[in-house]
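One structure is given here, and the rest of the page talks about it.
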Amino acid sequence: MNRSSYGWNVLLFVLTFFTLTFQDDIFRLPYLNFATISEIFRVRTPYSFSLLGILFCHEMGHYLAARYYGIKSTLPYFLPVPFSPVGTMGAVIRIKEPIRNKIQLFDIGIWGPAMSLVLSIPCIVIGLYNSQLVSLAERTAILQARPELMDIHFGDSILTYLLSQKILGPFDSSLFTVEYNPLAFAGWVGLLITALNLLPFGQLDGGHVVYSLAGEGYRKWIYYLFSAFLLLSLWNYSWILWGLLIYYFIRVEHPFVPDASYPIGKFRKIFGWGMLLSFLLIFPISPITVVSSSGTKSSLGEDLWNILLEVFSK
(Lines give C-alpha, C1' and ligand atoms only; values in the text may rest on other atoms or scores of the structure.)
Protein backbone atom coordinates (compact mmCIF):
# COMPACT_ATOMS: atom_id res chain seq x y z
CA MET A 1 0.00 0.00 0.00
CA ASN A 2 1.25 3.46 -0.85
CA ARG A 3 2.12 5.33 2.35
CA SER A 4 0.15 8.41 1.31
CA SER A 5 -3.06 6.35 1.31
CA TYR A 6 -2.78 5.68 5.06
CA GLY A 7 -3.95 9.25 5.64
CA TRP A 8 -7.54 8.39 4.68
CA ASN A 9 -7.57 5.37 6.99
CA VAL A 10 -6.35 7.49 9.93
CA LEU A 11 -8.65 10.43 9.17
CA LEU A 12 -11.76 8.25 8.87
CA PHE A 13 -10.79 6.37 12.05
CA VAL A 14 -10.53 9.65 14.00
CA LEU A 15 -13.78 11.00 12.53
CA THR A 16 -15.57 7.76 13.39
CA PHE A 17 -14.28 7.97 16.97
CA PHE A 18 -15.82 11.45 17.25
CA THR A 19 -19.15 10.46 15.67
CA LEU A 20 -19.35 7.41 17.93
CA THR A 21 -18.58 9.49 21.00
CA PHE A 22 -20.68 12.59 20.29
CA GLN A 23 -23.24 11.18 17.79
CA ASP A 24 -25.87 13.85 17.03
CA ASP A 25 -24.30 16.16 19.64
CA ILE A 26 -21.28 16.67 17.38
CA PHE A 27 -22.83 19.74 15.72
CA ARG A 28 -23.62 21.27 19.12
CA LEU A 29 -20.03 21.08 20.34
CA PRO A 30 -19.24 24.79 19.63
CA TYR A 31 -22.17 25.75 21.88
CA LEU A 32 -21.41 23.39 24.77
CA ASN A 33 -19.24 24.26 27.72
CA PHE A 34 -16.11 22.29 28.54
CA ALA A 35 -17.70 20.50 31.51
CA THR A 36 -20.56 19.17 29.35
CA ILE A 37 -18.18 18.03 26.61
CA SER A 38 -15.99 16.29 29.18
CA GLU A 39 -18.99 14.50 30.69
CA ILE A 40 -20.21 13.28 27.26
CA PHE A 41 -16.67 12.12 26.50
CA ARG A 42 -16.40 10.29 29.84
CA VAL A 43 -19.75 8.55 29.51
CA ARG A 44 -19.55 7.51 25.86
CA THR A 45 -15.91 6.57 25.29
CA PRO A 46 -16.45 3.00 26.58
CA TYR A 47 -18.93 2.63 23.71
CA SER A 48 -16.57 4.26 21.19
CA PHE A 49 -13.49 2.22 22.08
CA SER A 50 -15.43 -1.06 22.35
CA LEU A 51 -17.22 -0.66 19.01
CA LEU A 52 -14.07 0.55 17.24
CA GLY A 53 -12.33 -2.57 18.54
CA ILE A 54 -15.15 -4.80 17.26
CA LEU A 55 -15.17 -3.13 13.83
CA PHE A 56 -11.38 -3.15 13.57
CA CYS A 57 -11.16 -6.87 14.38
CA HIS A 58 -14.00 -7.61 11.94
CA GLU A 59 -12.14 -5.96 9.07
CA MET A 60 -8.76 -7.36 10.11
CA GLY A 61 -10.33 -10.83 9.92
CA HIS A 62 -10.93 -10.14 6.22
CA TYR A 63 -7.58 -8.40 5.75
CA LEU A 64 -5.41 -11.08 7.35
CA ALA A 65 -7.20 -13.87 5.47
CA ALA A 66 -6.62 -11.99 2.20
CA ARG A 67 -2.96 -11.42 3.03
CA TYR A 68 -2.58 -15.11 3.95
CA TYR A 69 -3.46 -15.95 0.34
CA GLY A 70 -1.24 -13.19 -1.03
CA ILE A 71 -4.19 -11.08 -2.19
CA LYS A 72 -3.61 -7.34 -2.02
CA SER A 73 -6.13 -5.39 0.04
CA THR A 74 -6.39 -2.09 1.85
CA LEU A 75 -6.47 -1.51 5.59
CA PRO A 76 -9.92 -0.72 7.05
CA TYR A 77 -11.78 2.43 6.06
CA PHE A 78 -14.16 3.41 8.87
CA LEU A 79 -17.46 5.05 7.93
CA PRO A 80 -18.55 7.89 10.27
CA VAL A 81 -22.24 8.91 10.42
CA PRO A 82 -22.84 11.94 12.70
CA PHE A 83 -26.65 11.93 12.34
CA SER A 84 -27.10 8.34 13.44
CA PRO A 85 -27.83 7.21 17.03
CA VAL A 86 -25.21 4.53 16.34
CA GLY A 87 -22.56 6.91 14.93
CA THR A 88 -21.20 4.72 12.13
CA MET A 89 -22.03 2.56 9.14
CA GLY A 90 -19.22 0.17 10.06
CA ALA A 91 -15.98 -0.21 8.16
CA VAL A 92 -14.79 -1.74 4.89
CA ILE A 93 -11.63 -2.96 3.23
CA ARG A 94 -11.09 -3.08 -0.53
CA ILE A 95 -9.78 -6.25 -2.15
CA LYS A 96 -7.47 -5.00 -4.90
CA GLU A 97 -7.15 -8.15 -7.00
CA PRO A 98 -9.38 -11.10 -7.93
CA ILE A 99 -10.03 -13.88 -5.43
CA ARG A 100 -8.86 -17.02 -7.17
CA ASN A 101 -11.23 -19.72 -5.87
CA LYS A 102 -14.17 -20.40 -3.56
CA ILE A 103 -12.05 -21.60 -0.64
CA GLN A 104 -10.17 -18.29 -0.58
CA LEU A 105 -13.54 -16.53 -0.90
CA PHE A 106 -14.92 -18.52 2.04
CA ASP A 107 -11.97 -17.80 4.32
CA ILE A 108 -11.87 -14.09 3.48
CA GLY A 109 -15.64 -13.77 3.88
CA ILE A 110 -16.18 -15.67 7.12
CA TRP A 111 -13.41 -14.40 9.39
CA GLY A 112 -14.83 -10.87 9.55
CA PRO A 113 -18.26 -11.74 11.03
CA ALA A 114 -16.69 -14.52 13.11
CA MET A 115 -14.42 -11.99 14.83
CA SER A 116 -17.15 -9.41 15.44
CA LEU A 117 -19.55 -12.08 16.73
CA VAL A 118 -16.99 -13.44 19.19
CA LEU A 119 -16.23 -9.94 20.51
CA SER A 120 -19.80 -8.57 20.55
CA ILE A 121 -21.29 -11.30 22.73
CA PRO A 122 -19.06 -10.72 25.80
CA CYS A 123 -19.57 -6.96 25.41
CA ILE A 124 -23.34 -7.25 25.60
CA VAL A 125 -23.25 -9.89 28.36
CA ILE A 126 -20.91 -7.88 30.62
CA GLY A 127 -22.67 -4.64 29.73
CA LEU A 128 -26.11 -6.00 30.60
CA TYR A 129 -25.01 -6.59 34.18
CA ASN A 130 -24.51 -2.81 34.39
CA SER A 131 -27.65 -1.87 32.44
CA GLN A 132 -31.11 -1.25 33.83
CA LEU A 133 -34.79 -1.65 33.06
CA VAL A 134 -36.84 1.46 32.37
CA SER A 135 -40.62 1.67 32.59
CA LEU A 136 -42.21 2.37 29.20
CA ALA A 137 -45.02 4.18 31.01
CA GLU A 138 -42.51 6.62 32.52
CA ARG A 139 -40.88 7.25 29.15
CA THR A 140 -44.29 7.81 27.56
CA ALA A 141 -45.19 10.31 30.30
CA ILE A 142 -41.97 12.25 29.66
CA LEU A 143 -42.67 12.36 25.91
CA GLN A 144 -46.22 13.57 26.49
CA ALA A 145 -44.96 16.29 28.84
CA ARG A 146 -42.32 17.36 26.30
CA PRO A 147 -43.68 16.69 22.78
CA GLU A 148 -40.51 18.09 21.16
CA LEU A 149 -38.55 15.07 22.39
CA MET A 150 -38.31 11.69 20.69
CA ASP A 151 -37.33 8.35 22.15
CA ILE A 152 -35.36 5.65 20.34
CA HIS A 153 -36.00 1.98 21.04
CA PHE A 154 -33.35 -0.56 20.06
CA GLY A 155 -35.02 -3.80 19.05
CA ASP A 156 -34.22 -7.28 20.28
CA SER A 157 -32.91 -10.27 18.40
CA ILE A 158 -33.57 -13.72 19.84
CA LEU A 159 -30.14 -13.64 21.50
CA THR A 160 -30.42 -10.17 23.04
CA TYR A 161 -33.94 -10.94 24.28
CA LEU A 162 -32.82 -14.15 25.98
CA LEU A 163 -29.74 -12.50 27.49
CA SER A 164 -31.67 -9.51 28.84
CA GLN A 165 -34.38 -11.78 30.29
CA LYS A 166 -31.74 -13.95 31.95
CA ILE A 167 -29.58 -11.12 33.33
CA LEU A 168 -32.15 -8.39 34.09
CA GLY A 169 -35.39 -10.33 34.27
CA PRO A 170 -37.63 -12.00 33.91
CA PHE A 171 -39.63 -8.93 32.88
CA ASP A 172 -42.57 -8.06 30.67
CA SER A 173 -41.14 -6.44 27.52
CA SER A 174 -44.47 -4.68 26.92
CA LEU A 175 -44.00 -2.79 30.20
CA PHE A 176 -40.22 -2.34 30.37
CA THR A 177 -37.35 -1.70 28.01
CA VAL A 178 -33.64 -2.17 28.55
CA GLU A 179 -31.51 0.96 28.83
CA TYR A 180 -28.15 -0.34 27.62
CA ASN A 181 -24.99 0.89 29.26
CA PRO A 182 -22.23 1.95 26.77
CA LEU A 183 -20.50 -1.45 26.70
CA ALA A 184 -23.77 -3.33 26.19
CA PHE A 185 -24.76 -0.88 23.45
CA ALA A 186 -21.43 -1.50 21.68
CA GLY A 187 -22.23 -5.23 21.83
CA TRP A 188 -25.74 -4.62 20.47
CA VAL A 189 -24.40 -2.55 17.55
CA GLY A 190 -21.65 -5.12 16.94
CA LEU A 191 -24.28 -7.89 16.69
CA LEU A 192 -26.41 -5.75 14.34
CA ILE A 193 -23.46 -5.07 12.03
CA THR A 194 -22.51 -8.75 12.11
CA ALA A 195 -26.09 -9.74 11.22
CA LEU A 196 -26.28 -7.27 8.34
CA ASN A 197 -22.98 -8.57 6.99
CA LEU A 198 -24.27 -12.14 7.22
CA LEU A 199 -27.19 -11.45 4.88
CA PRO A 200 -26.59 -14.07 2.16
CA PHE A 201 -26.57 -11.75 -0.82
CA GLY A 202 -24.02 -10.50 -3.34
CA GLN A 203 -20.79 -9.09 -1.97
CA LEU A 204 -21.85 -9.19 1.69
CA ASP A 205 -19.91 -11.58 3.93
CA GLY A 206 -22.90 -13.93 4.08
CA GLY A 207 -23.04 -13.83 0.28
CA HIS A 208 -19.39 -14.94 0.10
CA VAL A 209 -20.00 -17.78 2.55
CA VAL A 210 -23.25 -19.17 1.15
CA TYR A 211 -21.95 -19.01 -2.44
CA SER A 212 -18.75 -20.84 -1.41
CA LEU A 213 -20.75 -23.56 0.34
CA ALA A 214 -23.67 -23.98 -2.08
CA GLY A 215 -21.81 -23.37 -5.34
CA GLU A 216 -23.42 -22.28 -8.59
CA GLY A 217 -26.68 -24.06 -7.74
CA TYR A 218 -27.51 -21.33 -5.24
CA ARG A 219 -28.44 -19.03 -8.15
CA LYS A 220 -31.61 -21.12 -8.61
CA TRP A 221 -33.03 -20.11 -5.22
CA ILE A 222 -31.28 -16.94 -4.03
CA TYR A 223 -33.97 -14.66 -5.50
CA TYR A 224 -36.65 -16.55 -3.58
CA LEU A 225 -34.66 -15.88 -0.41
CA PHE A 226 -34.32 -12.22 -1.39
CA SER A 227 -38.12 -12.01 -1.88
CA ALA A 228 -38.58 -13.45 1.63
CA PHE A 229 -36.15 -10.84 2.97
CA LEU A 230 -38.25 -8.06 1.42
CA LEU A 231 -41.24 -9.25 3.47
CA LEU A 232 -39.41 -7.93 6.55
CA SER A 233 -40.42 -4.45 5.38
CA LEU A 234 -43.91 -5.32 6.69
CA TRP A 235 -42.40 -5.08 10.19
CA ASN A 236 -39.89 -2.30 9.65
CA TYR A 237 -39.91 -0.05 6.61
CA SER A 238 -36.13 0.46 6.72
CA TRP A 239 -35.76 -2.96 5.07
CA ILE A 240 -37.17 -1.45 1.87
CA LEU A 241 -34.09 0.78 1.73
CA TRP A 242 -31.84 -2.19 2.42
CA GLY A 243 -33.60 -4.16 -0.30
CA LEU A 244 -32.96 -1.39 -2.84
CA LEU A 245 -29.34 -1.11 -1.70
CA ILE A 246 -28.80 -4.84 -2.13
CA TYR A 247 -30.62 -5.08 -5.47
CA TYR A 248 -28.93 -2.14 -7.19
CA PHE A 249 -25.48 -1.94 -5.53
CA ILE A 250 -24.54 -5.01 -3.48
CA ARG A 251 -26.43 -7.30 -5.89
CA VAL A 252 -28.47 -10.38 -5.07
CA GLU A 253 -26.20 -12.89 -6.84
CA HIS A 254 -22.49 -13.27 -6.22
CA PRO A 255 -20.08 -12.73 -9.14
CA PHE A 256 -18.58 -15.93 -10.50
CA VAL A 257 -15.55 -17.33 -8.64
CA PRO A 258 -14.01 -20.66 -9.77
CA ASP A 259 -14.09 -23.78 -7.61
CA ALA A 260 -10.88 -24.72 -5.81
CA SER A 261 -8.85 -27.72 -6.95
CA TYR A 262 -9.69 -29.54 -3.69
CA PRO A 263 -12.93 -29.89 -1.62
CA ILE A 264 -13.95 -27.19 0.81
CA GLY A 265 -13.80 -29.70 3.67
CA LYS A 266 -16.00 -30.70 6.61
CA PHE A 267 -14.66 -28.09 9.03
CA ARG A 268 -15.42 -25.20 6.69
CA LYS A 269 -18.91 -26.57 6.01
CA ILE A 270 -19.73 -26.79 9.73
CA PHE A 271 -18.14 -23.42 10.43
CA GLY A 272 -19.91 -21.74 7.50
CA TRP A 273 -23.40 -23.11 8.06
CA GLY A 274 -23.01 -22.46 11.79
CA MET A 275 -22.21 -18.80 11.15
CA LEU A 276 -25.13 -18.49 8.73
CA LEU A 277 -27.48 -20.07 11.30
CA SER A 278 -26.19 -17.66 13.97
CA PHE A 279 -27.78 -14.95 11.83
CA LEU A 280 -31.20 -16.20 12.98
CA LEU A 281 -30.20 -15.61 16.62
CA ILE A 282 -28.65 -12.13 16.26
CA PHE A 283 -30.88 -10.50 13.62
CA PRO A 284 -33.40 -7.95 15.00
CA ILE A 285 -36.52 -7.65 12.82
CA SER A 286 -37.05 -4.03 13.95
CA PRO A 287 -33.60 -2.77 14.96
CA ILE A 288 -34.39 0.91 15.60
CA THR A 289 -37.82 2.45 16.29
CA VAL A 290 -38.41 6.16 16.85
CA VAL A 291 -41.17 6.93 19.37
CA SER A 292 -42.87 10.33 19.63
CA SER A 293 -45.40 11.72 22.11
CA SER A 294 -48.18 10.11 20.06
CA GLY A 295 -46.58 6.71 20.55
CA THR A 296 -45.19 4.12 18.16
CA LYS A 297 -47.12 3.57 15.00
CA SER A 298 -47.58 -0.16 14.48
CA SER A 299 -46.32 -1.63 11.22
CA LEU A 300 -48.46 -3.49 8.70
CA GLY A 301 -46.93 -6.77 9.83
CA GLU A 302 -47.78 -6.07 13.48
CA ASP A 303 -51.36 -5.13 12.53
CA LEU A 304 -51.77 -8.38 10.56
CA TRP A 305 -50.30 -10.38 13.44
CA ASN A 306 -52.67 -8.76 15.96
CA ILE A 307 -55.65 -9.49 13.66
CA LEU A 308 -54.62 -13.16 13.42
CA LEU A 309 -54.27 -13.35 17.21
CA GLU A 310 -57.77 -11.93 17.63
CA VAL A 311 -59.23 -14.37 15.10
CA PHE A 312 -57.64 -17.48 16.59
CA SER A 313 -58.27 -16.45 20.21
CA LYS A 314 -62.05 -16.39 19.66
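Structure notes:
- A single member of G90, G61 is within 15 Å of the chain's Cα centre (by Cα) and either open to solvent by less than 40 Å² (accessible area, probe 1.4 Å) or at pLDDT below 95 (or both), and it is G90.
- Condition met for F56 (at pLDDT 95 or above and open to solvent by 60 Å² or more (accessible area, probe 1.4 Å)): yes
- The one condition in (1) open to solvent by less than 40 Å² (accessible area, probe 1.4 Å); (2) modelled with pLDDT under 95; (3) aliphatic (A, V, I, L, M); (4) out of contact with any Asp or Glu (no Cβ under 8 Å at 6 or more places or on another chain) that L276 fails to fulfil: (2)
- Selection status of S286, hydroxyl-bearing (S, T, Y), open to solvent by less than 20 Å² (accessible area, probe 1.4 Å) and under 24 Å from H58 (Cα atoms): no
- Qualifying residue in segment 206-218 (condition: in contact with a Cys (Cβ under 7 Å, 6 or more places away or on another chain), under 20 Å from E59 (Cβ atoms) and buried (at least 23 other Cβ atoms within 10 Å of the Cβ)): no
- The one condition in (1) farther than 17 Å from D205 by Cβ; (2) open to solvent by less than 40 Å² (accessible area, probe 1.4 Å) that Y129 fails to fulfil: (2)
- Taken residue by residue, segment 141-148 has no member that is under 15 Å from N197 (Cα atoms), without any contact (Cβ under 8 Å) to a residue 12 or more places away in the chain and open to solvent by 20 Å² or more (accessible area, probe 1.4 Å).
- Annotation note: of L136, L175, the sole residue that is open to solvent by less than 80 Å² (accessible area, probe 1.4 Å) and touching a residue at least 24 places away in the same chain (Cβ under 8 Å) is L136.
- Matching residues in segment 98-124 - criterion: being open to solvent by less than 60 Å² (accessible area, probe 1.4 Å) and more than 16 Å from G53 (Cβ to Cβ): I99, N101, K102, I103, Q104, L105, F106, D107, I108, G109, I110
- Residue in segment 298-307 that is at pLDDT 75 or above and either among the aliphatic types (A, V, I, L, M) or open to solvent by 30 Å² or more (accessible area, probe 1.4 Å) (or both) present: no
- Only residues that are in contact with a helix residue (DSSP H, G or I) (Cβ under 7 Å, 6 or more places away or on another chain), under 15 Å from S286 (Cβ atoms) and crowded, with 17+ Cβ neighbours inside 10 Å were counted in segment 235-252, giving 2.
- Residues considered: S38, S5, S48, S84. Of these, the only one that is out of contact with any Cys (no Cβ under 8 Å at 6 or more places or on another chain), open to solvent by less than 10 Å² (accessible area, probe 1.4 Å), farther than 18 Å from V209 by Cα and of a type in the set (S, T, N, Q) is S48.
- Residue match in segment 24-35 (condition: open to solvent by less than 40 Å² (accessible area, probe 1.4 Å), touching a residue at least 12 places away in the same chain (Cβ under 8 Å) and under 19 Å from the mean Cα position of the chain (by Cα)): no
The values are calculated or read from the model by the stated rules, or taken from the named source; none is laboratory data. Since the model is a prediction, treat every value here as computed from it, not as a measurement. Here the Cβ is made from the backbone with ideal geometry for all residues, glycine too, and neighbour counts use every protein chain on show. Side chains included, ligands, DNA and RNA excluded: accessible areas come from the protein's heavy atoms. Shrake-Rupley method; radii C 1.70, N 1.55, O 1.52, S 1.80 Å.
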